[in-house]
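Student: The structure follows.
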Amino acid sequence: MKEYAAYLFDLYGTLVDIHTDENKPAFWKQIASYYTAHGAAWDAAGLRETYRRLCAEETARLEARTPGAAVEIDLFRVFRGLYTAKNVSLDAGLLADTAWFFRQRSTTHLRAYAGAGELLTALRAAGRTVILLSNAQSCFTRPELKRLGLADCFDRIYISSELGFQKPDPRFFSAPVRDLGLDAADCLMIGNDPICDVSGAAAVGMDAIYLHTKLSPKDVPPPDAAVLTLPGMDLRTLCRILLPR
């Protein structure tokens, strides 16, 4: 396989296996209790309804600002809004703790795929630039990267909630190209979503590898644009492909 100057990785479903569930009634009771304990009295139903309304309002605000973009809200604004709706002032520490409590209570499974850290480390040791390009919430993802031991495995981290748009928006792929002075043709995107990862990369002139994992979108055929498709999750095989001896 061609050698590339930079390797861009999706996170969830590509390097990390995760399952979350925000639909359980018990979950919203726990979140309501947390807010109430910190001065913002909510019942579960009211909190859930207001959370969804604030998410929709944030999405509409960003879409109005950048029509046609694949926008990504920052849930920090939503979590803050749930406090301010009850006239509660808060500092950054409480906001971060609230976001992390929300994530912990909604997550039922989180682990790095076997070989994830080794793959990233081997690429960097070989002199390649390794970049994370994730559709995610910074308030969840940055703590999870530390927890999984992956935070220091990347030369640069791009998270959609920090930029305000997400894959497959061309601006998300173009950000590391611009910031690091790269040529898109010398970049390889690796991800498990045929549209967000593969088609998005192809639209800006990047090659892409498609990993079909259990978190890949259902009923979506493998993308024709991928330079390689792996039918299962095997990062150690991928490492041998990317860095043949």
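The values are calculated or read from the model by the stated rules, or taken from the named source; none is laboratory data. What you see is a predicted model; the values in this text were computed from it and never measured. Note: ideal-geometry Cβ built from the backbone for every residue, glycine included; neighbour counts use all protein chains shown.
Student: Do we find a residue being more than 26 Å from CYS196 (Cα to Cα), in contact with a Lys or Arg (Cβ under 8 Å, 6 or more places away or on another chain) and buried (at least 16 other Cβ atoms within 10 Å of the Cβ) anywhere in the stretch 55-64?
Tutor: No, every residue in the stretch 55-64 fails to be more than 26 Å from CYS196 (Cα to Cα), in contact with a Lys or Arg (Cβ under 8 Å, 6 or more places away or on another chain) and buried (at least 16 other Cβ atoms within 10 Å of the Cβ).
Student: Also, quick follow-up: Do we have PHE140 as within 27 Å of LYS214 (Cβ to Cβ), assigned by TED's automatic domain parsing to the domain that holds GLY200, assigned to a helix (DSSP H, G or I) and out of contact with any Phe, Trp or Tyr (no Cβ under 7 Å at 6 or more places or on another chain) here?
Tutor: Yes: the conditions hold for PHE140.
Student: It is to be established whether one or more residues within the stretch 43-55 are polar (S, T, N, Q) and farther than 30 Å from LEU148 by Cα.
Tutor: Pass one, the stretch 43-55, residues polar (S, T, N, Q): 50.
Going one step further and asking which of them are farther than 30 Å from LEU148 by Cα, we end up with 50.
Within the stretch 43-55 (the criterion being polar (S, T, N, Q) and farther than 30 Å from LEU148 by Cα), the answer is yes, since at least one residue qualifies.
Student: Could you please give the count of residues in the stretch 190-245 that are closer than 15 Å to ASP169 by Cβ, touching a residue at least 40 places away in the same chain (Cβ under 8 Å) and either of a type in the set (Val, Ile, Thr) or outside any helix (DSSP H, G or I) (or both)?
Tutor: The number of residues fulfilling the criteria is 3.
Student: Please pick out the residue among GLY181, GLY200 that is loosely packed, with under 14 Cβ neighbours inside 10 Å and of a type outside the set (D, E, K, R). Don't jump to the end; show me each part of the working.
Tutor: Details: GLY200 fails: loosely packed, with under 14 Cβ neighbours inside 10 Å.
One residue alone meets the criteria, GLY181.
Student: Here's a follow-up. Within the stretch 27-54, restricting attention to residues that are surrounded by 15 or more Cβ atoms within 10 Å (Cβ to Cβ) and among the hydroxyl-bearing types (Ser, Thr, Tyr), which residue is nearest to SER161 (Cα to Cα)?
Tutor: Here the answer is TYR51.
Student: Then there's this: Quick test for you: out of LYS214, LYS167, pick the one residue that is among the basic types (Lys, Arg) and buried (at least 19 other Cβ atoms within 10 Å of the Cβ).
Tutor: LYS167
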